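In what follows, a structure is listed as structure tokens, so that the remarks can point back to it.
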Amino acid sequence: MKVCVIQPRYSFNENDTQACFDELLALMEQCDDSMDVIVLPEYSDAPADVKGKDGFYNAVKENNAILLKKASETAKRCHSLLFVNAGFETPDGIRNTTYALDRDGNIVGKYFKAHPAPSEVKTDAQGGHELDVAYSYENASPYIIELEGLRFAFLTCYDFYFYENFAKIARENVDIIIGCSLQRTDKHEALSIINKFLCYNTNAYLLRASVSLGSDSKLCGCSMVVSPHGEILVNMENSVGLGICDIDPTDKYYKPAGHMGVMKSHYAYIEEGRRPWLYRNGGASVVPFDDVMPYPRLCAHRGFNTVAPENSMPAFGAAVSLGAEEIEFDLWSTKDRVLVSCHDSTLERVSDGSGKIYEHTYEELLALDFGVKHGEKFSGLGITTFEEILKKFAGRVIMNIHVKS
């Protein structure tokens, strides 16, 4: 498979926008039918440092339709898959979007940048471009599309810095990652390290297209192709033009999973020893701040207690999986000071036991059935401890905790 990354000139003078755009279109003309995949850089419809919301929105308004038409024509002319990043207009503004086009020039996918940069989030008054970023505050799996038997994932510019997302991409068993990027403040050495690290961790090829800041610049640029082995097959550094090479998307990197271990991908190897409770987020970092996720919020009282016994792990799991922002539960201390989750102080309503929770040891509570009164299919369910809740749900949901005494 022959792949091509396009690296055009970029200018910090917004008066050069049209000239830079025309040069980008000319580079697309150089593509030919030997190419199977073509990738263009981020904001191909605004290829200069346009100022403020009006400057950015006007550039997209002027160039977007022309760019997408040219992209479609190029995909058809070259009989290639083509990926181009440009604006996508919604009722709430413009989104940073990577369009996927098939060999007939049809748009078959749209990736919205998962991590909008601060300049995209800020309002015009704050010096930003004021894009539509509302979607980025919602929980989402990695965006994957399958074309011609290959699985494609996407990263756009700022996305490359969120290494915790690499494991999520790896789990999707992708073959190629499309990276439409700028990254105007990073040195060539740093970009190389980031991109090799990405491919090694995801066991996928990276096709990354960026822009040149000039022949003397050591920043930005580095449109490149990187293999799952961490090998850089193409690195354009600061040159303008097309970066072309052949790849085998089925070629994966496997290594012994530790000394004398079986052959596995790097991702599969580290998953064996992952200890997420050591480093996952908690507290206020779990959810967006109140400005973008205001009240009222969906809080699952005692978990999703109509489908599973209240205050049980199945009830909390059902609530989280169906999108509750919060789970609510009560905690009592047992006689031997183990924190357990139960609404009542007494056992009769929720279990086959009797008496007060705090008059029993944890071992005594474990002998009781906390599921059978909800239904036979939950028969044998034990009482839930606070520690169990934290191990499973810390970093995934707000916990609305009532401590009883």
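The values are calculated or read from the model by the stated rules, or taken from the named source; none is laboratory data. Everything quoted here is computed from the prediction, not taken from an experiment. Cβ sites come from the backbone with ideal geometry, for glycine too, and all protein chains shown count toward neighbours.
State which residue is surrounded by the fewest Cβ atoms within 10 Å (Cβ to Cβ) when the search covers only the stretch 125-161 and only residues that are more than 29 Å from SER321 (Cβ to Cβ) and among the charged types (D, E, K, R).
Going through the qualifying residues, I end up with GLU148.
Of the residues GLY323, GLY303, GLY317, which single one is over 17 Å from LYS373 (Cβ atoms) and assigned to a loop (DSSP other than H, G, I, E, B)?
GLY323
Go through the stretch 13-54 residue by residue and tally those that are within 29 Å of the chain's Cα centre (by Cα) and assigned to a loop (DSSP other than H, G, I, E, B).
So the count comes out to 13.
Being out of contact with any strand residue (DSSP E or B) (no Cβ under 9 Å at 6 or more places or on another chain), modelled with pLDDT under 95 and outside any loop (DSSP other than H, G, I, E, B) narrows it down to one of LYS392, LYS373, so name that one.
That would be LYS392, the only listed residue that is out of contact with any strand residue (DSSP E or B) (no Cβ under 9 Å at 6 or more places or on another chain), modelled with pLDDT under 95 and outside any loop (DSSP other than H, G, I, E, B).
Tally time: how many residues in the stretch 87-103 are small (Gly, Ala, Ser) and within 17 Å of LEU207 (Cβ to Cβ)?
1
Just need a number here: residues in the stretch 216-229 that are closer than 18 Å to ASP186 by Cβ and surrounded by fewer than 22 Cβ atoms within 10 Å (Cβ to Cβ).
4
For the stretch 336-352, indicate whether the set of residues that are in a strand (DSSP E or B), within 20 Å of GLU387 (Cβ to Cβ), among the hydrophobic types (A, V, I, L, M, F, W, C) and in contact with a Ser or Thr (Cβ under 8 Å, 6 or more places away or on another chain) is non-empty.
Yes, the conditions are met somewhere in the stretch 336-352.
Of all residues in the stretch 318-342, which are of a type outside the set (A, V, I, L, M, F, W, C) and at pLDDT 95 or above?
GLU328, ASP330, SER333, THR334, LYS335, ASP336, ARG337, SER341
Can you list residue pairs whose Cβ atoms sit under 8 Å apart, with the first residue in the stretch 300-312 being assigned by TED's automatic domain parsing to the domain that holds LEU368 and closer than 14 Å to GLU326 by Cα and the second being of a type in the set (S, T, N, Q) and buried (at least 21 other Cβ atoms within 10 Å of the Cβ)? Count only pairs 6 or more apart in sequence or on different chains.
ARG302/ASN311; GLY303/ASN311; GLY303/SER312; ASN305/ASN311; ASN311/SER341; ASN311/THR384
Scanning the stretch 368-405 for residues that are β-branched (Val, Ile, Thr) and touching a residue at least 40 places away in the same chain (Cβ under 8 Å), which turns out surrounded by the fewest Cβ atoms within 10 Å (Cβ to Cβ)?
VAL403
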